[in-house]
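First comes the structure, then the notes that go with it.
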Amino acid sequence: MTPLAASAVAALASGPAAVPLASSPEYTLPFVGPGTYLIFGIVLLPVYAMVAAWFIGDPSDRFANLLGLGYLAGLTTVLWGSLFVATIIIGVVFF
Amino acid sequence: MSVDVTGVDRETLVRPIQTFTKRYLAALAVAFGLIGVWLFFYVQQLQHGLIVTNLADWGSGGGVPWGLYIGAFIWWVGIAHGGIILSAAVRLLGMDTYQPVARLAELLTIAALTCAGVFILIHVGRPDRLVTSVLPAWPTRVQWSPLMWDVTVITAYFVLTATYLALTIRYDVHRLRDRLPNVLEPVYRVITVGYTEKEDQVVERMVWWIAFAIIIMAPLLLHGGVIPWLFSLLPSMAGWHGGVQGPSFLSIALTSAVSGIIIISAAFRYAYGWDELIPDTVFQGLAKWLGFFSLIFLWLQLQQVITGIFAAPTTLQHATEVKIATPLYWVAIGLVALAMLYAFATSLRPELYDIRVLVGMSVAVLFGTLAEKVLFVVEGLQHAHFDLYAGVPGAYIPSPVEISAVLGTVGIVVLFFLVVSKVIPVVELHAIEDHEEVDA
Amino acid sequence: MSTDDESMYATPDEEHRRLLEETGYDADLGMEMARDAQKVSAGDLSEVEFYRRYHDRILEEFDVDDREVDLPDPDEVDSGDVNAIDRIEGAFEGIGETLRGVDGDESESRRSVMKKGAAAAALGLGGLGSAGATTGGDDGAAGAGGGDDGEGTRWGMTINLNNCDGCLACMVACDQEHNLSEGANWMYVFAFEDEGQGEQENFLPRTCQHCTDSPCTKVCPVGARHTREEDGLVLTDYDICIGCRYCEVSCPYGVNYFQWGEPDVPESEIDDDHQIDDRGRWVGSRPPEGVMGKCTFCVDRQDGQMGEEKVGTTACEEACTMDAIHFGDLNDPESPPNQHLEEYRSGQENDLEEFPNRKEHTVSTFKLMEERGTEPNVQFIGNEPSPHAEQVEGPVAYEDMGITDNRKEVLDRGADGGEEA
């Protein structure tokens, strides 16, 4: 109990001192590394804006919007799915 | 400046789909040949491991663990930027002059990104784990690994570009359906699923936003971001460090992208007699872009050289000195400089313009940018901050296995265009028919 | 990150208050100090001010205030404000010990000292340096000679370059113990000459530095390269690694050796005890084809799979007859690396009578490329190679020991004549 409490205080206390962008031993926790802010906060912003604009702006069409979303999701799946198949084949034949 | 190509008829547009020539077959054979050569070597790599390459461990091993594969990966991603440059020019900036080559550029993006993906696959020691290791790790590793950022952004780039194409192609396929081969009817039915002419305006707006998203994400955050960060964030290698890598990578990407568009567009113009559809104005305009991007490329190289030799930390100074003592570096710089001079010369004296010379210059630029990228990767690795190893710098000359992969991916791009141009119109109907007609 | 915004600093909760109260000392004081210690840590409050603010109340409560505000010996502690907290914590511990009359029972591990809860405030402060340390390592204790910081085990080494004679026995032992392929020198011994040293040879045995803040674990896209929580070992999970070699290019020390082809020793000849660690992950012995390998600090030994007597030893340490390599728990002041450093230092005292401002000893210690911020867990006694140092042939040739220096030569032979040969 005591060591647990100690590390809990420690975790609390270390908040301001730890700059996750530079270095941090807490890297196994989710949402601490620079990628969290970079990918979800900056890089994907234009994509959020795009999808939001599809639905909010005018002229807008429900079918076309959903088709667009379907393409986004579907193409991602196809891309990784086909890569998966390729890797499985390579794995079976060569490894 | 803008040349009206609206007089060109629909027959011309679908000419690639309706013809089937010996030259086409020859091109197909060349593509398969290139891919075949690569597959022959790649099977050896799969059988024996990466030992068949000339890669090795840095450190006591005196080699480079990253080489042509990674250089070529970056190079292809750079070429892929052609699509967004042209789409942005047309959709966002209203530069309709480039409408005839916009879709070719978008297709080049898809093909080039595929090649980049191929290089990831063949670069790793365990390609069979590329999905089973990467996907489960994504939620936790994307927080940290620049390689995971890279995978994420390239996936997004690919998907956005493909979505853009998938949405814009519906308009053309629907209107040109009577000129398209019946044997591919199921394909066209899928492509145009649920299409009504009412959606045109909506889709036009949607793709404007896709172009907007890509123009921010791809050049700035992909090639000016996560790819240079793969290197510049590391504490190990002097030659890779520094914030200038972002702009520098981007300038190389844009330079090679324009070159790629010029080559592909000229090839189609030549093969299908599209002198009217893709007029000289397009190429003269692209030449100016090539000159401008080359200028920025050279300027950023100057930045790196001058900051690297004047009073740099010893390891960076050493890396820079070796870089400027490498003949291949100056070949790369020279080729880009030559293209720049030619591009600017043709704007001053239009009589100097010759599409064959321009294509030659573009090929030279692509060779130069590939050389620069490989040098960046390899020489970066040979000048570690920790320089006690006698074996470092070692020597690295790409093996036939590695070189064959570059040829193989070129083959993939050729094959891709040969196949796609038989299925869908590779030039938008918008290019030959007024937008009023479109929007009506 | 520095700001005056009070809300940035976490307030210890009731649970911690209760713990503080159980100690019988002023809980309010502990809570306030814990809070201000965070400010010191963040650089918003100077140590001197921190000292001044609580001096009277500490005297009142404990009768002594032996918190130290002196700037530390640069060799003793890293620069960086995290260490401020370590020192405060050390001071608190000191108070507790003074009060208890526990006088320097050095065999008592830090953890057990902490369990006694003499000054429970120290609990709150004590972990500051190792907050959330899933690595099991403690970044606050990264300084050479820091022997009593951090929790749990943190395997590391003290390598005394003054003792090394370049015999390469450690390389051979490592090679054999881990069934390494030719040229994959997980342990590598440099012989080098440096500026102004004439022809005199120096040696530098180089293992993996098992960095607390290791770049390789950060960049790994799949989490194969990871830091083991229980003891800070930096390991590669051979089952997950995709062989992208990003760890290798990110490592400032060049300690990684990829398995470019078929390993020299087939899997069938290696026991699972060598390969599978106590968590059931495949991290030990040589890597299979297509994945990355490097020094594991003999993870199989540390897990007791080679017998209890091998825990806390490595193959290279065992093979070293020159007393150069000292492996052990850096968090344990009694461990061989800490003990050796202490003994070595006490044998080389400085003339403090004439020069009272000098540090107590004349021993030079360093960590490789510490300025890269990797916080290595290998410390060296001796002179750090300068930027002008050059590797030279040592007294014992690699070939004579049956090992290969430059692996490129092996790899260039290709798949057929290569790794099996």
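Select, from B:Gly82, B:Gly33, B:Gly78, the only residue that is surrounded by fewer than 19 Cβ atoms within 10 Å (Cβ to Cβ) and away from chain C (no Cβ under 14 Å).
Just a single option satisfies the conditions, and that option is B:Gly33.
Answer yes if at least one residue in the stretch C:336-358 is without any contact (Cβ under 8 Å) to a residue 60 or more places away in the chain and either within 11 Å of another protein chain (Cβ to nearest Cβ) or among the basic types (Lys, Arg) (or both), and no otherwise.
For the stretch C:336-358, residues without any contact (Cβ under 8 Å) to a residue 60 or more places away in the chain and either within 11 Å of another protein chain (Cβ to nearest Cβ) or among the basic types (Lys, Arg) (or both): present.
Inspect all residues belonging to the stretch C:348-358 and state whether any of them is buried (at least 20 other Cβ atoms within 10 Å of the Cβ) and more than 30 Å from C:Pro215 (Cα to Cα).
no
Quick one: in the stretch B:85-130, of everything that is open to solvent by less than 10 Å² (accessible area, probe 1.4 Å) and among the β-branched types (Val, Ile, Thr), which residue is farthest from the other protein chains (Cβ to nearest Cβ)?
Here the answer is B:Val101.
Need the failing condition index for B:Ala395 against (1) buried (at least 20 other Cβ atoms within 10 Å of the Cβ); (2) under 30 Å from C:Met369 (Cα atoms), just the number.
(1)
Considering each of C:Val255, C:Val283, C:Val299 in turn, give the residue that is closer than 26 Å to C:Cys164 by Cβ, of a type in the set (A, V, I, L, M) and away from chain B (no Cβ under 12 Å).
C:Val299
Are there any pairs, at least 6 apart or on different chains, whose C-beta atoms fall under 9 Å, with the first in the stretch C:371-383 and over 18 Å from C:Ser250 (Cα atoms) and the second open to solvent by 10 Å² or more (accessible area, probe 1.4 Å) and of a type in the set (Val, Ile, Thr), and if so, which?
C:Gln379/C:Thr365; C:Phe380/C:Thr365; C:Ile381/C:Thr365; C:Gly382/C:Thr365
Yes/no per residue for (1) touching a helix residue (DSSP H, G or I) at 6+ places or on another chain (Cβ under 8 Å); (2) closer than 30 Å to B:Phe20 by Cα; (3) among the basic types (Lys, Arg):
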| position | (1), (2), (3) |
| --- | --- |
| B:Pro136 | no, no, no |
| B:Thr140 | no, no, no |
| B:Gln143 | yes, no, no |
| B:Leu147 | yes, no, no |
| B:Val153 | yes, no, no |
| B:Tyr157 | yes, no, no |
| B:Arg170 | yes, yes, yes |
| B:Pro181 | yes, yes, no |
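Here are B:Ala312, B:Ala287: which of them is of a type in the set (Gly, Ala, Ser) and in a helix (DSSP H, G or I)?
B:Ala287
What do you reckon, is B:Arg205 of a type in the set (D, E, K, R), surrounded by fewer than 20 Cβ atoms within 10 Å (Cβ to Cβ) and away from chain C (no Cβ under 14 Å)?
In short, yes.
Restricting the stretch A:55-87 to residues that are over 25 Å from the mean Cα position of the chain (by Cα) and not aromatic (Phe, Trp, Tyr), which is surrounded by the most Cβ atoms within 10 Å (Cβ to Cβ)?
So the residue we want is A:Ala64.
Failed condition for C:Gly223, given (1) touching an Asp or Glu at 6+ places or on another chain (Cβ under 7 Å); (2) surrounded by fewer than 24 Cβ atoms within 10 Å (Cβ to Cβ); (3) of a type in the set (Gly, Ala, Ser), with all others met?
Exception for C:Gly223: condition (1).
Could you say which residue among C:His361, C:His388, C:His326 is at pLDDT below 95, of a type outside the set (A, V, I, L, M, F, W, C) and more than 21 Å from B:Gly62 (Cα to Cα)?
C:His361
For C:Val222, state whether it is in contact (Cβ under 8 Å) with a residue 12 or more places away in the chain, part of a loop (DSSP other than H, G, I, E, B), within 14 Å of chain B (Cβ to nearest Cβ) and not acidic (Asp, Glu).
Against the criterion (in contact (Cβ under 8 Å) with a residue 12 or more places away in the chain, part of a loop (DSSP other than H, G, I, E, B), within 14 Å of chain B (Cβ to nearest Cβ) and not acidic (Asp, Glu)), C:Val222 qualifies.
Out of B:Leu28, B:Leu55, which single residue is open to solvent by 20 Å² or more (accessible area, probe 1.4 Å) and of a type in the set (A, V, I, L, M)?
B:Leu28
Please verify whether the stretch C:295-308 includes one or more residues that are of a type in the set (Phe, Trp, Tyr), on the phi > 0 side of the Ramachandran plot and at pLDDT 95 or above.
Yes, the stretch C:295-308 contains a residue that is of a type in the set (Phe, Trp, Tyr), on the phi > 0 side of the Ramachandran plot and at pLDDT 95 or above.
So if I check each of A:Gly35, A:Gly68, which one is at pLDDT 95 or above and facing another protein chain (nearest Cβ under 7 Å)?
Of A:Gly35, A:Gly68, the one residue that is at pLDDT 95 or above and facing another protein chain (nearest Cβ under 7 Å) is A:Gly68.
Return the total of residues in the stretch C:187-206 being assigned to a loop (DSSP other than H, G, I, E, B) and surrounded by fewer than 24 Cβ atoms within 10 Å (Cβ to Cβ).
The total comes to 8.
Among the residues that make up the stretch C:117-133, is at least one of them at pLDDT 95 or above, assigned to a loop (DSSP other than H, G, I, E, B) and within 24 Å of C:Thr296 (Cβ to Cβ)?
Within the stretch C:117-133 (the criterion being at pLDDT 95 or above, assigned to a loop (DSSP other than H, G, I, E, B) and within 24 Å of C:Thr296 (Cβ to Cβ)), the answer is no, since none of the residues qualifies.
What helices (runs of 4 or more DSSP H), lying completely within the stretch C:326-421, carry at least 2 residues that are over 17 Å from the mean Cα position of the chain (by Cα) and under 22 Å from C:Cys208 (Cα atoms)?
C:407-412
The values are calculated or read from the model by the stated rules, or taken from the named source; none is laboratory data. Owing to the predicted nature of the structure, the values given are computational and were not obtained by experimental measurement. Here Cβ is always computed from backbone atoms with ideal geometry, including for glycine, and neighbour counts include all displayed protein chains. Remember, those area values only see protein heavy atoms, side chains included, never the ligands or the DNA or RNA. Shrake-Rupley method; radii C 1.70, N 1.55, O 1.52, S 1.80 Å.
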